[in-house]
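Engineer: Before anything else, here's the structure in question.
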Amino acid sequence: MILEQITDHLTETLKNRVLALFGHPVERVILQTPPKLNMGDLATPLALELAKVLKRKPREIAESLANGLELPMFVASVSVEGAGYLNFRFDRGGFTAAHMRTVMQPQAAAGQRVIVEHTNINPNKAAHIGHLRNAVLGDTYVRCMKWLGYRVETQNYIDDTGVQVADVVVAFQHLDEKSIDEVRALTQQPKFDYYCWDVYSRMASYYNEHPDSKEWRRETLHRMESGEGETAELAAIIARAIVRRHIETMLRLGITYDLLPKESDIIALHFWDRAFELLKQSGAVIYEHEGKHKGCWVMKLEGSEEFAGMDEPDKILVRSNGTVTYTGKDIAYQLWKFGLLDRTFGYRKFPAPYTLWETTHDDPSQSGAPKFGGAEIVVNVIDVRQAYLQKVVKQGLHQLGHRKEAENSIHFSYEMVALTPETASALGMEITEEDAAKAYVEMSGRKGLGVKADDLMDALEKKAIERVVEGGRGAEDAEEIGRQIAIGALRYFMLKYGRNKVIAFDFNEALAFEGDSGPYLVNSTVRAKSIFRKMAEEGIDAMISDDAVDRLTLSEGINDDMWELVRMSAGLPASIRRAVDGLELSIITHDLLELAQKFNSFYHKYPIKNEKDDAERQRRAVCAEVFRRTMVAGLELLGIAVPERM
RNA sequence: GCGCCCAUAGCUCAGCUGGAUAGAGCGUUAGCCUCCGGAGCUAAAGGUCGCAGGUUCGAAUCCUGCUGGGCGCACCA
């Protein structure tokens with residue numbers, strides 16, 4: 001907060017000053033933290049940039065800018081250094097006291113309405129670590145958006161009428177010859193999703209051996225889409241049971257949703273028919289009378305620069321047999337998200353330990369359902385392999401004349417999670433020599449090869465609980481504490497890599513609790529908490545209340561080690577903004593790691609509870625408290641809980 | 001063939017819209033528990049930022065061309 005005020009103020013002042021002194025307008029002023037602490041707290045290479053246009057020496061320009069520059073509150077001095085940098089130094093005491101009051105204060109929830117869609121797992125088998133990356137990215141993004149004041153609606157789209165569900169239905173009906181009641185009984189077992197994991201891969205290999213059997217799939221899909229009859233009922237039972245498992249799995253990670261929109265409802269409510277009318281009216285989609293796509297309705301994309309250079313830029317939305325493609329349905333659904341389709345769903349509650357709604361097509365809405373849809377910004381968290389499709393959807397809106405909505409259709413893309421050859425081999429995957437030489441090998445749902453989300457969490461929890469018990473602290477709550485640490489480890493692991501990086505999943509790395517890991521951050525925060533708990537127990541006043549801080553005479557006593565903690569803490573909100581705008585959440589994990597490292601170092605160097613001098617003890621305690629508040633709030637944004645002990 | 005992404009220390013990765021001496025973790029080596037928690041701390045070693053050009057006061061960062069790897073480019077979802 002305080003830092004933002006200072007940078008905003010300085011930016012304005014400098015812009016005005018450059019204009020006044022040199023008659024030259026500048027669009028932006030770069031304000032960055034200098035590489036070394038002794039260079040000050042903020043710096044700008046503004047004079048270097050101006051040197052060229054003004055044809056004057058950088059240092060000379062810097063001098064005239066600095067001379068008599070009006071400084072914002074808490075900025076104590078400005079100086080010219082290096083090649084012509086303008087360096088600002090803060091009033092450490094004043095800044096710290098002011099910052100302490102507003103550490104990680106969230107914005108008021110008055111921002112734009114946003115729909116974030118994530119998770120979207122096919123309801124036919126257990127969630128795996130690839131789905132985990134999606135869900136953790138999506139959930140963390142949602143938390144950050146809310147913190148920034150956006151009003152967010154979280155959706156988890158359920159493709160309950162797709163091929164993947166159909167394949168499991170086929171397996172139950174044709175391979176295993178199970179009755180509806182038998183399947184219904186199976187869904188009652190605790191890990192029905194694991195059961196289907198195997199059923200699905202069994203079906204996939206059956207298709208490979210008996211290509212004719214794919215006819216079953218076609219028939220099944222057709223019956224499912226009609227929504228009538230036993231096959232459709234069976235599909236609904238399976239999908240629903242699996243979705244319940246996925247909800248449970250994600251809840252272990254603290255991930256929740258507001259709405260589960262179902263593909264079957266979109267079909268039953270004929271969203272596509274309406275979208276089709278709009279697309280035809282606007283001319284965005286046309287009927288091909290001849291050529292390769294004869295008999296199809298296509299969206300013409302060859303004109304747009306985005307799709308320039310493609311051999312076959314046109315996208316088929318309706319096949320020659322009259323059925324709609326996935327892309328077509330997706331455009332219709334995207335229109336609904338923006339409130340541009342003049343029809344909508346019914347809603348009812350979905351059984352979950354929190355308030356969760358699902359769409360319906362037959363019931364009238366239950367009372368109490370919030371208003372879903374109609375957002376200003378729509379963010380779809382989907383892996384990079386669907387980038388092309390997302391582009392087409394965006395272009396669809398554009399061609400319908402919804403330019404603003406096209407602009408606000410954001411694809412949060414990220415790279416896949418693969419397996420290291422070692423991990424793949426440990427899972428029983430056959431590794432060819434060629435594979436072994438690779439950095440990673442892809443998971444395969446069809447082959448049933450992958451690391452299941454619940455299995456990974458189980459392994460992490462087991463290890464974390466052991467560590468808690470070994471440590472001897474909080475053994476009575478070892479299970480709950482271990483669970484929190486495990487989830488923290490997992491979420492951190494999924495967030496710390498840049499989104500464009502393929503994660504080659506390795507058990508040893510994922511289970512690491514040292515160094516660049518969730519438990520390291522949590523541990524450092526727990527220590528800070530412990531200090532204050534111990535001080536309270538021993539009746540030592542930490543003097544960190546607002547009143548006490550007001551009386552603080554910090555100005556001279558805040559040394560470099562303390563100041564770095566405060567300064568880094570103050571920089572976090574800007575990082576969160578940058579992370580959200582750039583869809584790069586690893587910025588936050590990175591900053592929190594640096595902060596935790598700084599604190600751990602500080603912690604070893606400066607005893608707090610045992611410091612005899614009151615003023616010095618207070619300064620140290622204030623820094624530890626700034627750290628604690630920053631970490632608790634920052635980790636909360638990452639969905640990582642901090643226990644009292646560990 | 002076209003498009004997107006990746007290439008930085010032995011390994012896994014940071015490096016903020018071009019800025020001051022390229023940083024972490026793991027691993028390796030050497031230290032640190034009479035002192036608030038060792039899931040920790042201190043220090044050392046480790047770099048042709050894939051290659052070649054270009055842009056400029058300044059390039060790991062921007063542009064062009066290569067090389068190597070990954071992923072897309074269906075009347076599948």
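Engineer: As a test of understanding, state the convex hull volume per residue of the stretch A:2-90 from its alpha carbons, in Å³.
Structural biologist: Taking only Cα atoms, the stretch A:2-90 has a hull volume of 84 Å³ per residue.
Engineer: What are the extents of the Cα atoms of the stretch A:55-160 along their three principal axes, listed from largest to smallest and rounded to whole Å?
Structural biologist: 69, 37, 25
Engineer: Which whole number of Å³ per residue matches the convex hull of the alpha-carbon atoms in the stretch A:417-516?
Structural biologist: Residue-normalised Cα hull volume stands at 110 Å³.
Engineer: Among the DSSP beta bridges whose two residues both lie in chain A, what percent are antiparallel, rounded to the nearest 5?
Structural biologist: Percentage antiparallel, nearest 5: 55.
Engineer: With all pairs of different alpha carbon atoms counted, what Kirkwood hydrodynamic radius in Å does the stretch A:54-112 show?
Structural biologist: 14.1
Engineer: Then there's this: First obtain the Kirkwood hydrodynamic radius of the stretch A:333-461 from its Cα pairs, then insert it into the Stokes-Einstein equation at 10 °C and 1.306 mPa s, and state the resulting D in µm² per second as a whole number.
Structural biologist: 85
Engineer: If you keep only loop residues by DSSP, which trypsin sites (Lys or Arg not before Pro) in the stretch A:1-104 have at most 10 other Cβ atoms within 10 Å of their Cβ?
Structural biologist: A:28, A:36, A:55
Engineer: Please give me, ordered by residue number, the GluC sites (Glu not before Pro) of the stretch A:518-623 that lie in loop per DSSP and have at most 11 other Cβ atoms within 10 Å.
Structural biologist: A:538, A:556
Engineer: Give me a comma-separated list of calculated 3J(HN,Hα) values for the stretch A:637-646, in order, Karplus coefficients 6.51, -1.76, 1.60 applied at θ = phi - 60°, integers in Hz, x for any Gly or Pro.
Structural biologist: 3J(HN,Hα) across the stretch A:637-646, in whole Hz: 5, 8, x, 10, 8, 10, x, 6, 9, 7.
Engineer: Follow-up. Which pairs in the list A:529/A:598; A:36/A:605; A:262/A:371; A:178/A:329; A:125/A:501 are over 22 Å apart, alpha-carbon to alpha-carbon?
Structural biologist: Flagged as over cut-off: A:178/A:329; A:125/A:501.
Engineer: Next question, about the same structure. Report, in degrees rounded to the nearest 10, the 0 to 90 angle that the Cα long axis of helix A:92-101 makes with the longest principal axis of chain A.
Structural biologist: Roughly 40 degrees, rounded to the nearest 10.
Engineer: Measure nothing but the geometry: give the 0 to 90° angle between the long axis through the Cα atoms of A:518-537 and the longest principal axis through the Cα atoms of chain A, rounded to 10°.
Structural biologist: Compared with the principal axis, the helix lies near 50 degrees.
Engineer: If you don't mind, another one. How much of the pair distance distribution for the stretch A:499-646 lies past 17 Å, counting alpha-carbon pairs only, in percent?
Structural biologist: Percent of Cα pairs beyond 17 Å in the stretch A:499-646: 64.
Engineer: Please report the equivalent ellipsoid semi-axes of chain A, computed as sqrt(5 x eigenvalue) of the Cα gyration tensor, largest first, in whole Å.
Structural biologist: The equivalent ellipsoid of chain A has semi-axes of 50, 33, 22 Å.
Engineer: A further question follows. Work out from phi, with θ = phi - 60° and the Karplus expression 6.51 cos²θ - 1.76 cosθ + 1.60, the ³J(HN,Hα) of each residue of the stretch A:410-426, listed in order in whole Hz, and give x for Gly and Pro.
Structural biologist: The phi angles translate into 10, 8, 7, 9, 8, 7, 6, 9, 10, 10, 5, x, 5, 5, 4, 5, 5 Hz.
Engineer: Could you run the Karplus curve 6.51 cos²θ - 1.76 cosθ + 1.60 with θ = phi - 60° over the stretch A:258-274 and give me ³J(HN,Hα) per residue in whole Hz, x for Gly and Pro?
Structural biologist: Per-residue couplings from phi come out as 8, 8, 10, x, 10, 3, 4, 6, 4, 5, 4, 8, 6, 4, 4, 4, 5 Hz.
Engineer: Just the accessible area per residue of the stretch A:1-63, please: how many Å² with a 1.4 Å probe?
Structural biologist: 58
Engineer: Could you work out what % of the accessible surface of the stretch A:2-90 is carbon and sulfur, using a 1.4 angstrom probe and leaving DNA, RNA and ligands out of the count?
Structural biologist: Carbon and sulfur: 54 percent of the exposed surface of the stretch A:2-90.
Engineer: What value in Å³ per residue do you get for the convex hull of the alpha-carbon atoms in the stretch A:91-146?
Structural biologist: With only Cα atoms used, the stretch A:91-146 gives 123 Å³ per residue.
Engineer: Using packing as a proxy for protection, rank A:149-157, A:398-406 so that the peptide with the highest average count of other Cβ atoms within 10 Å comes first.
Structural biologist: The densest-packed peptide leads the list: A:149-157, A:398-406.
Engineer: Hand me the GluC sites (Glu not before Pro) from the stretch A:1-78 located in a DSSP loop with no more than 16 other Cβ atoms within 10 Å, in residue order please.
Structural biologist: Listed in order of number, the matching sites are A:27, A:70.
The values are calculated or read from the model by the stated rules, or taken from the named source; none is laboratory data. Note that the structure is predicted; figures quoted are calculated from it, not measured. For neighbour counting, all protein chains shown are included, and Cβ atoms are generated from backbone atoms with ideal geometry for every residue, glycine included. Quick note on the areas: whole protein, heavy atoms, side chains included, nothing else; ligands and nucleic acids left out. Shrake-Rupley method; radii C 1.70, N 1.55, O 1.52, S 1.80 Å.
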